[in-house]
């Protein structure tokens with residue numbers, strides 16, 4: 001009987017030790033800050049002065065993004081050659097999808113275009129694709145922080161022989177940030193996107 005009692009005692013000791021360890025681990029996990037999620041908003045545009053014919057059929061493809069920014073975590077430039085990720089602040093969805101959706105919302109129903117689905121190719125007069133090449137906050141100092149965004153946008157016109165590029169341009173935007181708070185970073189990125197879309201529509205107006 002004695003050996004049985006000893007094994008039972010060992011089992012009970014291991015159980016309580018394991019329970020205490022897991023409880024301690026659980027407490028550590030709960031002490032970690034929660035990841036905060038953010039979105040970039042669709043810009044409001046002023047196209048009242050546009051000379052472009054109203055409502056040209058436009059297909060927008062989801063944008064691509066440079067690999068270093070695709071994770072969705074905020075990226076900071078901390079020196080000329082060094083960047084860091086912020087694992088506690090990130091975008092709610094992938095930046096490529098979020099920014100392409102925001103551009104789509106901005107262009108939909110504008111004086112320039114009306115969006116059409118890919119399932120109706122006969123209505124597609126223009127096709128827009130893009131790539132986000134930069135999306136970070138410059139914290140190098142001593143200058144105040146700046147939000148940086150760059151978009152490469154390709155607008156193609158449908159012709160009898162296929163799609164022909166009419167705009168192939170990189171739009172680089174930089175906006176000052178008020179302080180070092182995640183909300184301020186996102187507001188500055190919102191201004192960057194609005195600036196980029198406005199520049200793009202100005203180019204479209206010259207077509």
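Here residue 187 fulfils each of the conditions (1) touching a strand residue (DSSP E or B) at 6+ places or on another chain (Cβ under 9 Å); (2) within 13 Å of residue 125 (Cα to Cα) apart from (2). With the condition kept exactly as written, say whether any residue in the range 64-78 is outside any loop (DSSP other than H, G, I, E, B), over 21 Å from residue 199 (Cβ atoms), touching a residue at least 60 places away in the same chain (Cβ under 8 Å) and over 15 Å from the mean Cα position of the chain (by Cα). Yes, the conditions are met somewhere in the range 64-78. Among residues of the range 144-172 that are more than 21 Å from residue 104 (Cα to Cα), those with a beta-carbon under 8 Å from a residue that is surrounded by fewer than 16 Cβ atoms within 10 Å (Cβ to Cβ) and at pLDDT below 95 at least six positions away or on a different chain give the pairs 145/179; 145/180. May I ask you to verify whether residue 30 is modelled with pLDDT under 60, assigned to a helix (DSSP H, G or I) and at negative phi? The answer is yes for residue 30. Here 96, 106 are screened, and the one residue that is within 16 Å of the chain's Cα centre (by Cα), modelled with pLDDT under 95 and closer than 18 Å to residue 186 by Cα is 106.
Residue under question is residue 185, and the condition is that it be touching a residue at least 40 places away in the same chain (Cβ under 8 Å) and crowded, with 19+ Cβ neighbours inside 10 Å; does it hold? Explain how you work it out, then say what you get.
On the way: touching a residue at least 40 places away in the same chain (Cβ under 8 Å): yes; crowded, with 19+ Cβ neighbours inside 10 Å: yes.
Taking the combined requirement at face value, the residue satisfies it.
Inside the range 188-207, can you point out the residues that are over 15 Å from the mean Cα position of the chain (by Cα) and surrounded by fewer than 19 Cβ atoms within 10 Å (Cβ to Cβ)? Answer for the range 188-207, where residues must be over 15 Å from the mean Cα position of the chain (by Cα) and surrounded by fewer than 19 Cβ atoms within 10 Å (Cβ to Cβ): 195, 198, 199, 202, 203, 205, 206, 207. Test residue 147 against the criterion of being closer than 16 Å to residue 43 by Cβ, touching a helix residue (DSSP H, G or I) at 6+ places or on another chain (Cβ under 8 Å) and surrounded by 15 or more Cβ atoms within 10 Å (Cβ to Cβ), and give yes or no. Judged against the criteria, residue 147 is a match. Only residues that are surrounded by 16 or more Cβ atoms within 10 Å (Cβ to Cβ) and either farther than 25 Å from residue 182 by Cβ or modelled with pLDDT under 95 (or both) were counted across the range 50-71, and they come to 7.
The values are calculated or read from the model by the stated rules, or taken from the named source; none is laboratory data. These numbers were taken from a predicted model, which means no experiment stands behind them. Every residue, glycine as well, gets a Cβ built from its backbone with ideal geometry; the counts of neighbours run over all protein chains shown.
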